[in-house]
Amino acid sequence: MQKYDFWGYQVEIDKTATLDWYEKAGHWGCECGHCRNFLALANRKKLPAPVIEVMDEFGIPLEKATYVCMVYSDAQGMHYQFSYRIAGRILETPEQERVEQWGQVRCCHECYPYGAPDFPEPHFDLEFWTILPWVLEESPDGE
């Protein structure tokens, strides 16, 4: 395992186990409009640049998130939460979660295994919160 720093989180990653799992995994499977919008953005590489850079570094396809949710929308846009599961351990957490210009990120242990029930142990989730645009031709309300 190799050590990395993700926005102040010190982690140890088994890159081989992570890549092996993602090679066999399908893309995020929810067909609701908000999830299809996320997948369209992921396929077009229109997620925040730091997200793309980290996923590219580990060879994780953006469309293979292990959790996606449009949490709420407001005048700023649609606030999404999405995660990618990583084989490895969290060694150290920062005293405060970092808020970046493009959103927030944290490493955590999500107990809900919806998108990765067979992921190798040990693992953690790299979780992002950010505002994303609507890119589908249909409206967010399905009209």
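What's the Cα-based Rg to Rh of region 10-71, Rh via Kirkwood?
Radius of gyration over Kirkwood radius for region 10-71 works out to 0.98.
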In units of 2.2 N^0.38 Å, the Cα radius of gyration of the chain is 1.03
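Of the accessible area of region 1-114, with the probe set at 1.4 angstrom, what percent is carbon plus sulfur?
The nonpolar share, carbon plus sulfur, comes to 46 percent.
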Please give every one of the lysines within straight-line cross-link reach of Lys46, meaning a C-alpha to C-alpha distance under 21 Å, and leave out same-chain neighbours fewer than 8 residues apart.
-> Lys64
A chain fully extended from Lys46 to Glu100 at 0.36 nm per residue, minus the present Cα-Cα distance, gains in nm 17.7 nm
State the answer as a single residue: which of Pro48, Ala17, Thr66 lies farthest towards the positive end of the charge dipole of the chain, with beta carbon charges of +1 for Lys and Arg and -1 for Asp and Glu, about the Cα centre.
-> Ala17
What whole-number value in Å² describes the accessible area per residue of region 1-118 for a 1.4 Å probe?
-> 55
Quick one: dipole size for the chain, taken about the Cα centre, charges +1 on Lys/Arg Cβ and -1 on Asp/Glu Cβ, in debye to the nearest 20.
-> 220
Bin width 10 Å, alpha-carbon pairs only: give the P(r) of region 58-123 as whole percents, running from 0 to the bin holding the largest distance.
-> 16, 46, 33, 5, 0
For Val68, solvent-accessible area (1.4 Å; no DNA, RNA or ligand), Å² | 10
Would you work out the relative contact order for region 1-136, in percent, from Cα pairs under 8 angstrom that are 6 or more residues apart?
-> 29
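Arrange the peptides 23-35, 74-86 so that the one whose residues have, on average, the most other Cβ atoms within 10 Å appears first.
74-86, 23-35
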Can you put Thr93, Thr130 in order of accessible area, largest first, using a 1.4 Å probe?
-> Thr93, Thr130
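Heavy atoms only, 1.4 Å probe, whole protein assembly: order Glu95, Glu57, Glu12, Glu121 by accessible area, highest first.
Order by accessible area, largest first: Glu95, Glu121, Glu57, Glu12.
The values are calculated or read from the model by the stated rules, or taken from the named source; none is laboratory data. Everything quoted here is computed from the prediction, not taken from an experiment. Cβ: placed from backbone, ideal geometry, glycine included. Neighbour counts: every protein chain shown. Heads up: the accessible areas ignore ligands, DNA and RNA and are worked out on the full protein's heavy atoms, side chains in. Shrake-Rupley method; radii C 1.70, N 1.55, O 1.52, S 1.80 Å.
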